[in-house]
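**Student:** Dropping a structure here in structure tokens format, bear with me for questions.
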Amino acid sequence: MSKLIISQAPFTMPANGLRALLVFALVLCLVACSTPPRTKQATITDRSSTIGATVPTPDAVPPGFYRVKRGDTLLRIALDNGQSYRDIAAWNNITDPNVIEVDQVLRVSPPPGPRVATKPIEPLKPADSKDTKAADKKAASKKTDEKETAVAESKVDAVDPPIKLSWPAKGKVVEEFSEGKNKGIDIAGKLGEPIQAASDGKVVYAGNSLRGYGNLVIVKHDNTYLTAYAHNRSLLVKEGDTVRKGQRIAEMGDSDANMVKLHFELRVNGKPVNPMQFLQ
């Protein structure tokens, strides 16, 4: 019978086998390290109770003040707030009304106490001037201190009695007042026909620096009402003049318009209203 002979020699792993084993162990280590640890789920906060809450916006300003937007002009701001642009310039220490800054906060209602202009104010430039888009230029005047305006108290004017207006021109109303579309009424006529003040007041603007209005006259009647007369051929009054009801203040024309007409507006605290209900 043959005998099975088992070698007693020690086992020796080949070098390439040892290398393979080391590589395998390294791969296992890398896989284990790449497995992301389990993390606690993020807590979800129920904010439904805050729905409808008033959240202050960065553009909010106190009553009686206005934050300048791109494309604004001082004359437009004054008209929309029922004020003289010269008064607004004086209240905010603006010497050049053609230059205001985007995001500048302006006082647009009379400040408490006497109104005193500390510096002379330059006249507005025509609408076709390169300087009319004042909001796109760097301001040369001192910017209003927003910290002071945030705590300033605006003056509340007494409500004036309803105004009674006379017709500013003879002719047919070719376009009626339409909120959001036409801020006044358009009265057709002939070139050179007289334009008359609809009520007693003071001329707070006479010029052509407001784009879309042509040769324009604005008359302030009291703290509540002002009227605007646009597209004139020529102006017969100047800023600062006191006018009487029925006084001739301009001649009808077609400046910045597609036909000869008067565009007539009535503003109540700066807001356009239908003048028909006030015309006698």
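Every number in this text was worked out from the coordinates using simple rules, so none of it is lab data. Keep in mind the model is a prediction, meaning the values are calculated, not measured. We place every Cβ from the backbone using ideal geometry, glycine too, and count neighbours over all the protein chains shown.
**Student:** What order do you get for Arg70, Arg267, Arg76 when you list them from fewest to most C-beta neighbours inside 10 Å? Mind showing how you got there, number by number?
**Tutor:** Working: Arg70 9, Arg267 24, Arg76 16.
So the residues, fewest neighbours to most, are Arg70, Arg76, Arg267.
**Student:** Another one. Over 31 Å between C-alpha atoms is what I'm after, so list which of Lys125/Lys172; Lys69/Lys164; Lys220/Lys261; Lys190/Lys220; Lys125/Lys164 land there.
**Tutor:** Working: Lys125/Lys172 33 Å; Lys69/Lys164 34 Å; Lys220/Lys261 22 Å; Lys190/Lys220 26 Å; Lys125/Lys164 33 Å.
Lys125/Lys172; Lys69/Lys164; Lys125/Lys164, as the Cα separations exceed 31 Å there.
**Student:** Taking the number of other C-beta atoms within 10 Å as the exposure measure, put Glu179, Glu251 in order starting with the fewest. Walk me through the numbers before you get to the answer.
**Tutor:** Working: Glu179 10, Glu251 17.
Ascending number of Cβ neighbours within 10 Å: Glu179, Glu251.
**Student:** Karplus couplings for the range 179-190 from phi (6.51 cos²θ - 1.76 cosθ + 1.60, θ = phi - 60°), rounded to Hz, Gly and Pro as x?
**Tutor:** Running phi through 6.51 cos²θ - 1.76 cosθ + 1.60 with θ = phi - 60° gives 4, x, 10, 10, 7, x, 10, 10, 10, 7, x, 10 Hz.
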